[in-house]
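So the structure is just underneath, and the comments pick up after that.
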Amino acid sequence: MKKFITALLCLILIFTMLVGCDNSDKKLREFTLNEVTRAVFYTPLYVAAAKGFFEENGLKIEIVTGGGSDKSMTALLAGDAEVGLMGPETGVYVVNEGKENHPMIIGQLTKRDGSFLLSRVDEKETFTWESLKGKTIIGGRRGGMPFMTLEYVLKSHGLTPGVDVTVLDNIQFNLIAGAFEGGTADYVPLFEPTASMMVKEGKGYIVSQIGLESGEIPYTAFMVTQKMIKDDPAFIEAFLKSIYAAQKWVATASDNEIATAVQPFFPDTSIETLEAVAKSYREADAWMKTPVMTEDSFNRLLDVIEGSGELKARFEFTKLIDNSFANKIVGN
């Protein structure tokens, strides 16, 4: 009996050691993602990191904030990041420059503008877009999605930028909140949680949600180099599996669960504020349910860029978008 117990204990010990060795040998693939800015608007990305979906697919993510689509694209092209999260218009510009080795969009994260228009005075009950006549708005960087979408919305309300309303384009995107706080302009479009924090501090009042005015546009997308698609398709598939898992989780989670999950990425923002922001973005249907970009929405994006005078030439959907990985994941 003693021999049997001893043998059994030895087997258990050996099994435990084998399992331990297997776990220690399983290394996560580390990678860097450069995001255009830090915003609750990108909630599914932070959820994928916070809920362990990247780890479940063998990945370990480091998120670096670029401070502008142009900077995120530069990081991607320079090899400082494996994935870029930015406005798809940046990819359009690179294609229009004639570069054959341009990055490709492999997945979409948001489907409308996520910014809120803030006024210096409380006019929530009386605000109309026509009241912007003769006023000044901080638009951000000319050619960027926030700037172009704002122009698109202004034109849809019969306002001509530069004639009926002044739209400033000389302030970097990550500096517009500080410029508004410092006294520049009458209005400013801001993403969350910055918008709600400005309101809480009495520095502005939300009068409109630009995304509801503009309609659905592929606003933020994931990009990788063509070399990455060729050399490491397994990484792309694992990455999009993680994002899709987060998208599904967000679709069924409560506002409080979402706020709790993303709070580590916004340590200076209260759970209550994040919960309200999550509710607002959910009601606006701002987040994609899958990473798949549609051709109709992409054509609408080209319409917006063209209307802003920034599009050199239109081109085929598949020139910039590779849905093969996203379609495979969603199909499975």
So how many residues does the range 127-140 have that are of a type in the set (Asp, Glu) and part of a loop (DSSP other than H, G, I, E, B)? 0
Per-region count, the range 143-166, residues closer than 24 Å to Met198 by Cα and under 24 Å from the mean Cα position of the chain (by Cα): 10
Find the residue count for the range 25-72, including only residues that are in contact with a strand residue (DSSP E or B) (Cβ under 7 Å, 6 or more places away or on another chain), modelled with pLDDT under 95 and not small (Gly, Ala, Ser). 4
Which numbered condition Thr126 fails, given (1) free of Cβ contacts under 8 Å to residues at least 60 places away in the same chain; (2) buried (at least 16 other Cβ atoms within 10 Å of the Cβ); (3) of a type in the set (S, T, N, Q): (2)
Of the residues Val153, Val167, which is closer than 23 Å to Lys111 by Cα and either crowded, with 19+ Cβ neighbours inside 10 Å or in the same structural domain as Tyr187 (by TED's automatic domain parsing) (or both)? Val153
If I ask for residues that are free of Cβ contacts under 8 Å to residues at least 12 places away in the same chain, in a loop (DSSP other than H, G, I, E, B) and small (Gly, Ala, Ser), which ones from the range 275-330 would you list? Gly309
Kindly indicate the residue of the range 182-238 that is in a loop (DSSP other than H, G, I, E, B) and polar (S, T, N, Q) and also surrounded by the fewest Cβ atoms within 10 Å (Cβ to Cβ) among those meeting that condition. Thr184
What pairs come out if I take residues in the range 88-104 that are in contact (Cβ under 8 Å) with a residue 12 or more places away in the chain and in the same structural domain as Leu320 (by TED's automatic domain parsing) and pair them with residues that are part of a helix (DSSP H, G or I) and among the β-branched types (Val, Ile, Thr) whose C-beta lies under 6 Å away, six or more apart or interchain? Glu89/Ile305; His102/Val94; His102/Val95
Please list, ordered by first then second residue, the pairs with beta carbon atoms under 7 Å, 6 or more apart or interchain, first in the range 246-259 and over 19 Å from Gln108 (Cα atoms), second charged (D, E, K, R) and outside any helix (DSSP H, G or I). none
So, of the residues in the range 256-274 that are outside any helix (DSSP H, G or I) and not β-branched (Val, Ile, Thr), which turns out to be surrounded by the most Cβ atoms within 10 Å (Cβ to Cβ)? Phe266
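One line per residue, one yes/no per condition, for (1) crowded, with 22+ Cβ neighbours inside 10 Å; (2) of a type in the set (Ser, Thr, Tyr); (3) in contact with a helix residue (DSSP H, G or I) (Cβ under 9 Å, 6 or more places away or on another chain):
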site	(1), (2), (3)
Ala50	no, no, yes
Thr65	no, yes, yes
Gly79	no, no, no
Gly84	yes, no, yes
Gly98	no, no, no
Arg120	no, no, yes
Considering every residue within the range 143-158, establish whether at least one is in a loop (DSSP other than H, G, I, E, B), under 21 Å from Thr37 (Cα atoms) and among the small types (Gly, Ala, Ser). yes
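The values are calculated or read from the model by the stated rules, or taken from the named source; none is laboratory data. Treat the numbers as computed from the prediction; the structure is a model and nothing was measured. In this analysis, Cβ positions are derived from the backbone assuming ideal geometry, glycine residues included, and neighbour counts consider all displayed protein chains.
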